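The values are calculated or read from the model by the stated rules, or taken from the named source; none is laboratory data. Bear in mind that the values here come from a model prediction, so they are computed numbers and not experimental data. With ideal geometry, Cβ positions are generated from the backbone for all residues, glycine too; neighbour counts draw on all protein chains shown. Calculation scope for accessible area: heavy atoms of the full protein, side chains included, ligands and nucleic acids excluded. Shrake-Rupley method; radii C 1.70, N 1.55, O 1.52, S 1.80 Å.
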Amino acid sequence: MLLHIDASVTKLGVVGLGYVGLPLAALFAHKGFETIGLDIDAARIGVLQRGESPFHYDEPGLPELLQSVMPSGRLSFTTDATALNQADIILICVQTPVDDSDNLPRYDHLRSALRSVGQVLKAGALVIIESTIAPGTMSRVVIPELEAATGGRVGQAFYAGHCPERVMPGRLLHNLRNMSRVAGGMTPQVAAAMHSLYSHIVEATIDTTDMLTAELVKTTENAYRDVQIAFANEVARICEAVGGDVWKVRELVNKSPGRNMLYPGAGVGGHCIPKDSWLLIANADEAAPALIPTARHVNRSMPLHVADLTTQALEHQGHPVAGAVVAVLGYAYLENSSDTRDTPSQAFIEVMRQRGAVLRIHDPFVEGYQQPLAHVLQGAHAAVIMVAHNEYKQFDWAALAADLSVIVDGRHILPPDFTSPAATVRVIGRGDLS
Ligand SMILES: NC(=O)c1ccc[n+]([C@@H]2O[C@H](COP(=O)([O-])OP(=O)(O)OC[C@H]3O[C@@H](n4cnc5c(N)ncnc54)[C@H](O)[C@@H]3O)[C@@H](O)[C@H]2O)c1
């Protein structure tokens, strides 16, 4: 078993070159490891082989890192899994979605990655899952798939570990270097080897533990956030109902010791928070979880709530929603990012379309929606801020308010004293109707 990790000797394979896998591969190669990145997306591999970043938004340091490390020859990209047959350690970073119909994990990508890696795995290699997985997945899915594909036993033919990732798009390299990590090994020796590996790129604490604890920690930390956001969203709706202002309430609540109420908003998106609560409870029916699924439903209802605020404000202005022109500002799930996975804007758009609204979508970062903001707003009845992109924060809303009938701020980015003599302005969590 590999206990000593040496950047000049240990060869790495990274499977899945998305938000998690690509910066990880680039950083290890930068630190001297010969690293092969594998992806099934041939177009992405083509872009990477040219030394370019596949991301169409500002991902600080990543394009420069790729350009500096590619000429060294230590980082290469392929769609051919056999290229990983000399790798001592393989890090798996494929997507792990849940199915919308039953909220259960769909491990097709994970299983297929394990099968293709397992068929070429070097004897004694260590396979680390970086993807977020439901507690119990290492023992129920990962190890059985690898045993089937290798024809050998875990602990003999190969070793296994789980080191969940904590990055955020827009801060991928920064988070990789500076966020603490949980290294869950199948044995303490494997966890120690993982500690040694990650200490080449992580400047923060690396806590070693077992695989189940690592699975639980990652899914719990994201479910925790989901529940906290749901609490803020519920208080926002209570404030709307009783005519209060959640933004003021939150500020004062947080002066009470030990309180840290989060921000309410138009919805929670991305490939992490919306699904990781479901992953946490996926194998825990016996516990009859109630709070975590309820929080998920509260957060999932927020785009619909914004649609209701918009519809009511349009009606207040004498415009029936059917036929009203509504500008949707922001299609990414996160501010200043092009990542649209599980975006709340899509849910908002679907509801408003069903109600007959004519939708114009704008997003400075998302291809297809990058027309000038002023054009999108021209002649629209309503503008609905779904994402706190800088362009919307810096926009001169006062100059435009006279041309719009309705402004709905789902992210609380309008100036605090913003009012309009002509438009109905609704801010999430604020009960007033101006
Ligand atoms: N995006 C984040 O901010 C973030 C943060 C923490 C954890 N995670 C977790 O990390 C995992 C990956 O997330 P991501 O955002 O990088 O996903 P992603 O969709 O950006 O990237 C996944 C990549 O894996 C590739 N892939 C799929 N199946 C493959 C296979 N069989 N062989 C080779 N490549 C394959 C896809 O083509 C894609 O390029 C998920 O489990 C996610 O929950 C993501």
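Ranking G118, P97, A327 by Cα position along the charge dipole of the chain, where only Lys, Arg, Asp and Glu carry charges on their C-beta atoms, puts G118 farthest toward the positive end.
For the chain, the solvent-accessible area with a 1.4 angstrom probe is 42 square angstrom per residue. The 3J(HN,Hα) values that the Karplus relation (6.51, -1.76, 1.60; θ = phi - 60°) gives for the stretch 138-143 are, in residue order, 4, 7, 8, 10, 5, 5 Hz. Gly and Pro appear as x. Taking one quarter of the surface of the convex hull spanned by the alpha-carbon atoms of the stretch 255-319 gives a direction-averaged projected area of 7.3 nm².
For the stretch 383-403, the residues whose amide N sits under 16 Å from a probe point set 7 Å from the Cα of T419 along the beta carbon direction are 398, 401-402. A simple packing score, the average count of other Cβ atoms within 10 Å per residue, orders the peptides 22-34, 135-147 as 22-34, 135-147, with the highest score first.
Using R0 = 30 Å, the C-beta based FRET efficiency linking A241 and N390 works out to 0.40. The C-alpha atoms of the chain define a longest principal axis, and helix 188-198 lies at about 60 degrees to it.
Using a cut-off of 12 Å between beta-carbons, work out the net charge of the residues near V9 (Lys and Arg +1, Asp and Glu -1, V9 not included).
Summing Lys and Arg as +1 and Asp and Glu as -1 gives -2.
Applying the criteria of a DSSP loop state and at most 13 other Cβ atoms within 10 Å to the trypsin sites (Lys or Arg not before Pro) of the stretch 213-286 yields K255, R259. Quick one: helix 291-316 against the long Cα principal axis of the chain, what's the angle to the nearest 10°, folded into 0 to 90? Between the helix axis and the principal axis of the chain, the angle is about 30 degrees.
Close amide-amide hydrogen proximity is noted between L126 and I89, I90, Y159, each under 5 Å apart and 5 or more residues distant or on a separate chain (H modeled in the peptide plane; Pro and chain starts excluded). The simple spin-label model puts a point 7 Å past each Cα toward its Cβ; for T82 and Q228 those points are separated by 4.9 nm.
Above 30 Å, the calculated P(r) of the stretch 11-204 contains 14 percent of its Cα-Cα pairs. Diffusion of the stretch 270-426 by Stokes-Einstein, at 25 °C in a medium of 0.890 mPa s and with Rh set to the Kirkwood radius over alpha-carbon pairs, works out to 149 µm²/s.
Please report the net charge: other residues with Cβ closer than 15 Å to the Cβ of D403, K and R +1, D and E -1.
0
Loop-located GluC sites (Glu not before Pro) in the stretch 348-434 (DSSP state not H, G, I, E or B) with no more than 12 neighbouring Cβ atoms inside 10 Å: E367. Under 5 Å between amide hydrogens, built in the peptide plane, is the criterion, and for V427 it picks out D409 among residues at least 5 positions away or on other chains.
Annotation: amide H-H contacts under 5 Å for V98 (H modelled 1.01 Å from N, sequence separation of 5 or more, or interchain): R106. The HN-Hα couplings worked out from phi for the stretch 367-375 by the Karplus form 6.51 cos²θ - 1.76 cosθ + 1.60 (θ = phi - 60°) are 3, x, 10, 9, 5, x, 4, 4, 5 Hz, whole numbers, x standing for Gly and Pro. On the chain, 52 percent of the accessible area sits on carbon and sulfur atoms, based on a 1.4 Å probe.
Comparing Cα centroids, the stretch 102-143 and the stretch 8-39 end up 18 angstrom apart.
Counting only protein chain heavy atoms and rolling a 1.4 Å probe, the accessible areas of V268, V190 rank, largest first, as V268, V190. From its DSSP helices (H runs of at least four residues, each -39,500 (n - 2.57)), the chain gives a residue-normalised ellipticity at 222 nm of -11500 deg cm²/dmol. Residues with beta-carbon under 14 Å from that of V325, excluding V325: net charge, scoring Lys, Arg +1 and Asp, Glu -1? Residues close to V325 contribute a combined charge of +2. Using 0.36 nm per residue and subtracting the Cα-Cα separation, the extra length available between D403 and N178 on full extension is 76.4 nm. Computed from the alpha carbon positions, the gyration tensor of the chain leads to an equivalent ellipsoid with semi-axes of 44, 24, 19 Å, biggest first. The shape of the stretch 89-128 can be summarised by an equivalent ellipsoid whose semi-axes, obtained from the alpha carbon gyration tensor, come to 26, 9, 6 Å from longest to shortest.
In the chain, the longest principal axis of the Cα atoms and the axis of helix 108-118 are about 20 degrees apart.
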